[in-house]
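Visitor: Quick one: this structure, given as structure tokens, is what I'll be asking you about.
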Amino acid sequence: MWFVDPHKLRIPRPEDALPGRSEAMTVPPRHVVLDTPMTGPWPDDTRRILFGLGCFWGAERLFWRLDGVHSTQVGYAAGHTPNPTYREVCTGRTGHNEVVQVIYHPAALHIDRLLKTFWEGHDPTQHMRQGNDVGTQYRSGIYPTTPAQRQAAEASRAAYGEAVAAAGHGEITTEIVDAGPFYYAEAYHQQYLHKNPNGYCGLGGTGVSCAIGTGVGA
């Protein structure tokens, strides 16, 4: 029988989460694909948004390939434990999601194009999993940093929810929560699939097209 630790299927209360640490994770200074900085401060003409759509190795690659993306980083967000390690996140006792932080130029890349990539890049109806990857760190989530991003995210969730329902899929379980602290993942996770071209990527979409993603701005 296939057994999943119940701790991995529910987000812990803050008082039950692992304590973490005050020291931040050390990451390389430059993005190995885009050759841009891996840490801020970011250029004034950029915006920042976080996406959770399953294992962050494949998720990051989806976004660094988009024209108008300045930089991407993988890490942990929407949980309780400060500066968690990957091993800690995988216990289900930090509350964190595996996310991609996307720094982009809105004059060149519309938020709707990012949202289209997000929706079509995974199955947002699977709750605390993506395919064979099971746990709270694999949940579907959008974490905006501006009111305009949040409005666009909520509108796209409603529209895509109708599309996946019409195609016979279940209800979208994607959480949309204003971005809180972003904690960098370990250096070896950053741009993992560029460093390991044959590495694991567990992402798979529903096959339903998202009818947004043109224009610039936001």
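Each reported figure results from applying straightforward, stated rules to the coordinates on display, with no laboratory input. In this text, all values refer to a predicted model and were calculated from it rather than measured experimentally. Heads up, the Cβs are rebuilt from the backbone with ideal geometry, glycines too, and the neighbour counts pull from every protein chain shown.
Visitor: Per 0.36 nm of contour for each residue apart, how much would the distance between Thr36 and Ala165 grow if the chain were fully extended, relative to their Cα-Cα spacing?
Guide: Length difference between fully extended and current span is 42.5 nm.
Visitor: Defining a contact as two alpha carbons under 8 Å apart and six or more residues distant in sequence, what relative contact order in percent does region 79-177 show?
Guide: Result for region 79-177 is 27 percent.
Visitor: Right, something else. If we sort 57-70, 197-210, 112-125 on the protection proxy, mean other Cβ atoms within 10 Å, highest first, what's the order?
Guide: Final packing ranking: 112-125, 57-70, 197-210.
Visitor: Provide the packing ranking of 182-195, 91-104, i.e. peptides ordered by the mean count of other C-beta atoms within 10 Å per residue, highest first.
Guide: Averaged packing, sorted descending, gives the order 91-104, 182-195.
Visitor: For region 110-208, what class follows from the C-alpha gyration tensor (a ≥ b ≥ c being the square roots of its eigenvalues): rounded when a/c is under 1.5, otherwise prolate if a/b is larger than b/c, else oblate?
Guide: oblate
Visitor: A follow-up question, please. Apply the Karplus parameterisation 6.51 cos²θ - 1.76 cosθ + 1.60, with θ equal to phi minus 60°, to every residue of region 80-85 and state each ³J(HN,Hα) to the nearest whole Hz, in sequence, with x for glycine and proline.
Guide: So the J values, rounded to whole Hz, are 10, 6, x, 6, x, 8.
Visitor: Also: Quick one: compute the contact order of the chain, relative version, from alpha carbon pairs under 8 angstrom and 6+ residues apart, as a percent.
Guide: Reported as a whole number, the value is 30 percent.
Visitor: So what's the back-of-envelope 222 nm ellipticity for the chain, counting only DSSP H runs of four-plus at -39500 (n - 2.57) apiece and dividing by all residues, rounded to 500?
Guide: About -6500 deg cm²/dmol.
Visitor: Taking the mean number of other Cβ atoms within 10 Å as a proxy for protection, how do you rank 169-176, 8-15 from highest to lowest?
Guide: Most protected by this proxy first, the peptides run 169-176, 8-15.
Visitor: Using θ = phi - 60° and the Karplus form 6.51 cos²θ - 1.76 cosθ + 1.60, what ³J(HN,Hα) does each residue of region 204-209 get, whole Hz, x for Gly and Pro?
Guide: x, x, 8, x, 8, 6
Visitor: Also: So what's region 27-195 giving for Cα Rg divided by 2.2 N^0.38 Å, two decimals?
Guide: In units of the 2.2 N^0.38 Å rule of thumb, it is 0.97.
Visitor: Hey, another quick one. Considering only DSSP beta bridges whose two residues both sit in the chain, what percent are antiparallel, to the nearest 5?
Guide: 90 percent
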